[in-house]
Amino acid sequence: MRITMVGTGYVGLVTGTCLSNTGNDVTCLDVDPAKIEKLNRGESPIYEPGLDELLERNKAAGRLAFTLDKAAAYGPAEVIFICVGTPSDEQGRADLKYVLAAARDIGDAIESAEGPTGLGASDKAKIVIVKSTVPVGTNAKVRAEIASRTSKPFHMASNPEFLKEGAAINDFNKPDRVVLGVDSEDAGSRLRDLYAPFVRQGNPIFTMDIPSAEMVKYASNAMLATKISFINEIAGLCELYGADVDEVRRGMCADARIGNKFLYPGLGYGGSCFPKDVLACISMGDEVNRPTDLLAAVHKVNQDQRIRFLEKVDAHFGSGSGPADLSGMRIGVWGIAFKPGTDDIREAPSITLMKALLERGAEVVAHDPVAFETCRGVMGDSITYAGGMLDVVEGADALLVCTDWDEYKHPDFGAIRAKMRAPVVFDGRNLYRPASMREAGFVYHSVGREA
Ligand code: UGA
């Protein structure tokens, strides 16, 4: 199939690369010349395990191309995936300006291309798929925008993506499910064919109406975010009632109805998806006068979670009320990325925490296996970037663990203690056992467990 991806961000690049790998002819279009140039050199603009190799292989095979040329990208495409960004506006609503601009270009391209559907002699209509996460009803707006530019027929489809950063290639190649919202049997059967190689183990492809497919994406992310805020709220209660949230979680998870995923307490969810999607869901409710009280609480709990963690630092170093004065102190930070396996720092708790530490006068020294460059873009030289994880603790008055990278899970605590000025650890990911930390001579603070 001839496929065009509009937008070479995370979703567009991973989807385009994986679709080319099953033999499709994929063109990726972007408006950013620097990005296209980089991709044409075979370099990926994002860090994603396994992506570079796939990119190189499919580029070399002539199945994957990158271009700035809209006419060349849209003209021959049978299927067009819109994967452009939908940033939140000030009210938390998804801003659709890039999606609708792409729709107008697509409408113009269909109109100016030859043939009854813009595909030469073929009478097969192009399928325009919205893959960006967009509020329910957006496909209808995209359809109207395209139809305002052309009277030729085309299909619309919604195909939400469920990729996790750091595991995106595997998630795409072996999806739990593929969700297709379609406007016709023809679009449904062509898209099922496209996805058939990815569901050979028997995982389902659900074909449904377009608004339902759009809603599946928000409902899924909002549910996962709710689980995280739920366990974080329980963790807060555990701290005050002397319970251990890890034990509580184990006891809960034995009930299969509750399940054992996404119930790890910590610093709250970050990244480019959950915070944005929960806010977009809240706005969707507001727009139709149906407040989403539960999701508003999920969002609030998530924000408070960072503040509560910071309060532990303030309580340890301060006089008991308000922010502590940390001037003259050196605080080490392990982990900057919003989660392991990525260099993405969008909505990362580490950034909120490092900024707060700087405001309190501390010197901040941070380590992350991959997120230095992205962090430098936001924090500049206000913090020190350590080459190794042990450099962070040298002369430190405390260590904050912000991301659960594997390399932080079994460190040499003897060496760490010897290097620190004071053996104090604030663990935002509950990586260690309180009793072991006490035995190793540390003052240890974590989330939802004994102080
Ligand atoms: C999330 C979803 O998991 C994907 O299914 C979805 O496709 C994607 O958003 C999206 O909408 O594009 P992602 O943002 O990559 O994927 O990250 P997750 O692995 O889901 O983690 C999100 C956040 O939740 C991280 O900050 C993580 O630290 C936190 N988390 C996760 C917890 O605090 N506790 C948990 O038990 C699990």
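The values are calculated or read from the model by the stated rules, or taken from the named source; none is laboratory data. From a predicted model like this one, the values you see are computed outputs, not experimental measurements. Heads up, the Cβs are rebuilt from the backbone with ideal geometry, glycines too, and the neighbour counts pull from every protein chain shown.
List of remarks:
- Counting the residues of segment 425-451 that are of a type in the set (D, E, K, R), under 22 Å from K339 (Cβ atoms) and in contact with a Pro (Cβ under 7 Å, 6 or more places away or on another chain) gives 1.
- Test: R376 is part of a loop (DSSP other than H, G, I, E, B), under 26 Å from the mean Cα position of the chain (by Cα) and among the charged types (D, E, K, R): no
- The residues of segment 326-366 that are more than 25 Å from R417 (Cβ to Cβ) and not in a helix (DSSP H, G or I), listed by number, are A337, F338, K339, G341, T342, D343, D344, I345, R346, E347, A348.
- Scanning segment 105-157 for residues that are at pLDDT below 90 and among the charged types (D, E, K, R) yields E114, D123, K124.
- Helices (runs of 4 or more DSSP H) wholly inside segment 78-179 containing at least 3 residues that are away from the ligand (no atom under 16 Å from the Cβ): 97-112, 138-147
- Qualifying residue in segment 362-371 (condition: of a type in the set (D, E, K, R) and touching a strand residue (DSSP E or B) at 6+ places or on another chain (Cβ under 7 Å)): yes
- Residue in segment 375-390 that is buried (at least 19 other Cβ atoms within 10 Å of the Cβ), within 20 Å of A324 (Cα to Cα) and either touching a residue at least 12 places away in the same chain (Cβ under 8 Å) or not β-branched (V, I, T) (or both) present: yes
- Residue list for segment 1-53, filter: on the phi < 0 side of the Ramachandran plot, in contact with a Cys (Cβ under 6 Å, 6 or more places away or on another chain) and outside any strand (DSSP E or B): T8, V11, G12, G16
- Scope segment 262-279; condition of a type in the set (A, V, I, L, M, F, W, C), near the ligand (Cβ under 6 Å from one of its atoms), under 13 Å from the mean Cα position of the chain (by Cα) and closer than 19 Å to E233 by Cα; matching residues: F274
- Qualifying residue in segment 269-276 (condition: assigned to a helix (DSSP H, G or I), on the phi < 0 side of the Ramachandran plot, touching a Ser or Thr at 6+ places or on another chain (Cβ under 7 Å) and at pLDDT below 95): yes
- Per the conditions (1) away from the ligand (no atom under 11 Å from the Cβ); (2) closer than 30 Å to D343 by Cβ; (3) modelled with pLDDT of 95 or more, the sole criterion not satisfied by R249 is (1).
- Residue within segment 220-237 that is of a type outside the set (S, T, N, Q) and not in a helix (DSSP H, G or I) present: no
- Residue within segment 257-269 that is touching a Leu at 6+ places or on another chain (Cβ under 9 Å), polar (S, T, N, Q) and not assigned by TED's automatic domain parsing to the domain that holds L400 present: no
- The residues of segment 306-330 that are away from the ligand (no atom under 16 Å from the Cβ) and closer than 13 Å to G428 by Cβ, listed by number, are L310, E311, K312, V313.
- Only one of N58, N24, N40 that is farther than 25 Å from E145 by Cβ and modelled with pLDDT under 95: N40
- Residue that is surrounded by the most Cβ atoms within 10 Å (Cβ to Cβ) [pool: residues in segment 244-261 that are in contact (Cβ under 8 Å) with a residue 12 or more places away in the chain and over 26 Å from the mean Cα position of the chain (by Cα)]: V248
- Yes/no for G387 being at pLDDT below 95 and either within 16 Å of the ligand (Cβ to nearest atom) or part of a strand (DSSP E or B) (or both): no
- Restricting segment 330-342 to residues that are among the aliphatic types (A, V, I, L, M) and within 13 Å of V392 (Cα to Cα), the residue that is surrounded by the most Cβ atoms within 10 Å (Cβ to Cβ) is I336.
- Test: residue in segment 409-428 that is at pLDDT 95 or above, assigned to a loop (DSSP other than H, G, I, E, B) and in contact with a Phe, Trp or Tyr (Cβ under 6 Å, 6 or more places away or on another chain): yes
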